[in-house]
Amino acid sequence: MLYIIGLGLGNEKDITVKGLEAVKRCKKVYMEAYTSLLSFGLSSDGLSTLEKLYGKPVILADRETVEEKADDILMEAHESDVAFLVVGDPFGATTHTDLVVRAKKLGVDVKVVHNASVMNAVGVCGLQLYRYGETVSIPFFTETWRPNSFYEKIQRNRMLGLHTLCLLDIRVKEPTLESLCRGRKQYEPPRYMTIRTAIEQLLEVEQTLGESVYSEDTTCVGFARLGSEDQMVVAGSMKQLLMVDFGEPLHCLVIVGETHPVEGEMLGFYTLGGGK
Ligand SMILES: C[S@@+](CC[C@H](N)C(=O)[O-])C[C@H]1O[C@@H](n2cnc3c(N)ncnc32)[C@H](O)[C@@H]1O
């Protein structure tokens, strides 16, 4: 059996009782380490905290392991109980659906243990989860690669008066260009996009495409470290949020659509300067 278990957003204590029981039953425990980050990080200390709680070793599964060696994990799950841990909810990232599809094709039984995800934790600011349009991902721009497909999606959401959740790029275990040329992989230090970089890129794309989908005066909400003791939620215009130091990762951003009076009232508690 393959157990895909959500760990929630905060720290090791956010696993559900059901999830913990499943982990304890499993012979091998993998932890997905590229679509998110537990608040205590993925340092060896972070892992050992998990290992202490579970009473067994946890194997870090980076993107390469999951994409290239998924079949090995699935074959193990054919023979015995294997846990695959995901920060947040297993379906809060698109990648894990693929693992389930592969498991089903190989005849491996799968059980999912859900948990809180960034997709619902953003509800804390008072904007109704029912009033969101398509979620977008904002990738890090490079000198030569400045994709803007998120712009059209935000445009569609805003035409319907819907809010847009922007998930921000995470780069972990990215091989350096030099090392690729030399044929021996060395990795860049991990990078997590900040709200400031996301807004700068959003405004750059607005300037390039010029369809007035949003502007520096558009109201947004910035979120950092949701689910942790020191989480931050701040509402304000893009221009105002550019000045806020949201601190450590992870960050995400919501572009606010039309608001219901109750949404507006709740948002007021998080608005810079106390709102209107
Ligand atoms: C693929 S998504 C979500 C993955 C996770 N499985 C979940 O369900 O929450 C990863 C992105 O969500 C956002 N994110 C995830 N956890 C967050 C948190 N605790 N606080 C703020 N943003 C978060 C970041 O923008 C991050 O790059």
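The values are calculated or read from the model by the stated rules, or taken from the named source; none is laboratory data. It should be emphasised that the depicted structure is a prediction, and the values quoted were computed from it without experimental measurement. With ideal geometry, Cβ positions are generated from the backbone for all residues, glycine too; neighbour counts draw on all protein chains shown. For accessibility, only protein heavy atoms count, side chains too; no ligands or nucleic acids. Shrake-Rupley method; radii C 1.70, N 1.55, O 1.52, S 1.80 Å.
Observations on the model:
- Any hit, region 212-219, residues being open to solvent by 30 Å² or more (accessible area, probe 1.4 Å) and within 16 Å of the ligand (Cβ to nearest atom): no
- Total residues in region 123-149, condition hydrophobic (A, V, I, L, M, F, W, C), in a helix (DSSP H, G or I) and surrounded by fewer than 21 Cβ atoms within 10 Å (Cβ to Cβ): 2
Yes/no per residue for (1) open to solvent by less than 40 Å² (accessible area, probe 1.4 Å); (2) more than 16 Å from the ligand (Cβ to nearest atom):
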| position | (1), (2) |
| --- | --- |
| GLU206 | yes, yes |
| VAL221 | yes, no |
| ALA235 | yes, no |
| LEU253 | yes, no |
| THR259 | no, yes |
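- Any helices (runs of 4 or more DSSP H) falling wholly within region 1-113 and containing at least 3 residues that are within 16 Å of the ligand (Cβ to nearest atom): 63-68, 95-105
- Scanning region 61-73 for residues that are in contact with a strand residue (DSSP E or B) (Cβ under 7 Å, 6 or more places away or on another chain) and loosely packed, with under 15 Cβ neighbours inside 10 Å returns no hits.
- Long-range neighbours under 9 Å by Cβ, at least six apart or interchain, first residue not assigned by TED's automatic domain parsing to the domain that holds LEU37 and at pLDDT below 75 within region 175-192, second β-branched (Val, Ile, Thr) and assigned to a strand (DSSP E or B): none
- In region 261-276, the residues that are open to solvent by less than 30 Å² (accessible area, probe 1.4 Å) and of a type in the set (D, E, K, R): GLU263
- Odd one out for ARG158, checked against (1) modelled with pLDDT under 95; (2) farther than 24 Å from LEU226 by Cα; (3) away from the ligand (no atom under 15 Å from the Cβ): (1)
- Contact annotation: residue pairs with Cβ atoms under 9 Å, 6 or more positions apart or on different chains, pairing a residue in region 111-123 that is in contact (Cβ under 8 Å) with a residue 60 or more places away in the chain and farther than 18 Å from VAL17 by Cβ with a partner that is more than 8 Å from the ligand (Cβ to nearest atom) and part of a helix (DSSP H, G or I), are VAL122/LEU129.
- Of the residues examined, PRO139 is one that is within 14 Å of the ligand (Cβ to nearest atom) and closer than 26 Å to ALA224 by Cβ.
- Qualifying residue in region 144-156 (condition: of a type in the set (Phe, Trp, Tyr) and touching a Lys or Arg at 6+ places or on another chain (Cβ under 8 Å)): no
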